[in-house]
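To keep things clear, I will list the structure first and then write my remarks on it.
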Amino acid sequence: MTNTLPLWLYIIFKILSMSPVLRVASDKNFGEIKRDSEQVLRLSLISFNAGTKIYSIISWKFSWELKENKGFDLFNIIEFDMVPDESVVNEKVNNFSESLNNKQDSLKALADVLSFRIGQEGNTTSKSFNKFLAYVAIVAFIIPLFSTSMLKIHSVFSQTGLEKWIYIVIIYGLIYCFVNLFLLFSEMIKVKAYVRYTISSVRESENPSKEFLIGQYHDWYWMKEESRVEVSIIKNIEKYIKCILIWSIILVCVYNVYNFMEDNSKEKVVINTQSELVHIDLSVTDRNLFAKNQDIFAKIQEDLLNDRIQSIILIENSEHSTKQDKYNRIKSLITAYNIHNIEIIEISDKHEGESIVNNLQLIMLRR
């Protein structure tokens, strides 16, 4: 029985395989970690995917039991297992051709099996291509959702503290996923032309039945390899689309959390705003009105010019024409210094008490 990675170690390696720093990957299966102890693992200081390649900077190869040190590499590239060269396929075909010498009685059965397998590979290729078109449509739908936000990406750097770095990590993750998606899309749409077995090769052969079978095997092997590559690329495309969805959900959550915290902070500022109530006696003469309240008006002027006041509430208590004229003069003075366009609220409050009627009540809500 083959030894396998302990589950806890397998989970740790799987998590590290998704990290760009201290990444653990396998040199086989395009970096995918499996629980097979015989695979050679690679621990990289920095590692990232770029389409069908994995780049590793300063990496160490090892077996998980740490029984054997495979050495260090300053720079390494793990490439996707693409369609093999034609020479490799021709070698397979020649081996198959030699194996038919002792199977003359079973040529018909082999032809039927190969025809069935060619049909299967054709269906797999068709399904893969349909998935590819669906994923292209999904990405075409997602991109406009991010286009507006990408135009405001510079505003992220105006943030401070932890919020700024969280947004930078999310944006890096999204850009990384989109770049790899486009690179995989370009690999998928490349024309994978290979030499098909021709009818003339069968017609001109001394043994047409055998030659036909060799042609079927040749085409089936090419289709199998092409199908394998397409399925693998589609699986990687699926992975990056899932990552984009996950990053998008994280982005929405972080945005809403910080907005909620900011709104609460603003509410607290309003609740804790300092208020000041000032009574101005309107029964004095015009000369004494401003002389007696000189300090009050000077303070109001200074606070308005320096934007220290959030809003002013004027409570008018009298309808007497003389007092109404003084009220209007005070209001005009406040309006003249209101360069920051703060809110001025006027309230009419009539009372019979003489002490109240003679006063203008002025409430200032400070920032």
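Worth pointing out:
- For Leu5, residues with placed amide H under 5 Å, excluding near neighbours: Asp36, Ser37
- Under the convention that each Lys and Arg Cβ holds +1 and each Asp and Glu Cβ holds -1, the size of the dipole of the range 183-241 around its Cα centre is about 180 debye.
- Peptide packing for 237-249, 327-339 was compared via the average number of neighbouring C-beta atoms within 10 Å per residue; ordered from the highest value, the list is 237-249, 327-339.
- For Val139, net neighbour charge (Lys/Arg +1, Asp/Glu -1) across residues whose Cβ lies under 13 Å away: +1
- Among the listed pairs Lys14/Lys92; Lys190/Lys239; Lys53/Lys103, those whose Cα-Cα separation exceeds 32 Å are Lys14/Lys92; Lys53/Lys103.
- Per-residue Cβ neighbour rank within 10 angstrom, fewest leading, Asp219, Asp263: Asp263, Asp219
- For Arg23, residues with placed amide H under 5 Å, excluding near neighbours: Ser44, Ser47
- Estimated vicinal HN-Hα couplings, Hz - the range 244-252 in sequence order (Karplus 6.51, -1.76, 1.60; Gly, Pro = x): 4, 5, 5, 4, 5, 5, 4, 4, 5
- For the range 228-240, Karplus couplings with θ = phi - 60° (6.51, -1.76, 1.60), whole Hz, Gly/Pro x: 4, 5, 5, 4, 5, 5, 4, 4, 5, 4, 4, 4, 6
- Springs between Cα atoms under 10 Å define the GNM used for the chain, and in it the highest mean-square fluctuation of Met18, Met223, Met188 occurs at Met18.
- The chain - mean residue ellipticity at 222 nm from DSSP helices (-39,500 (n - 2.57) per run, n ≥ 4, rounded to 500): -19500 deg cm²/dmol
- Inter-probe distance in nm under a simple model that places probes 7 Å from Cα toward Cβ, at Ile77 and Ile199: 4.3
- Nearest-0.05 FRET efficiency for Leu133 and Ile57, computed from C-beta distance (R0 41 Å): 0.70
- For Cα Rg over 2.2 N^0.38 Å, calculated from these coordinates, the label among [x] 1.17; [y] 1.04; [z] 1.89: [z]
- Cβ-Cβ FRET estimate between Phe185 and Glu262, R0 fixed at 41 Å, reported to 0.05: 0.60
- Database remark: amide H of Lys70 closer than 5 angstrom to the amide H of Lys61, Phe62, Ser63 (H placed geometrically; neighbours at sequence offset of 5 or more, or on other chains; Pro and chain starts carry no H).
Every read-out reported here was derived from the displayed coordinates using simple, explicitly stated rules and does not represent laboratory data. Computed from a prediction, not measured in an experiment: that's the story for all the values here. Here the Cβ is made from the backbone with ideal geometry for all residues, glycine too, and neighbour counts use every protein chain on show.
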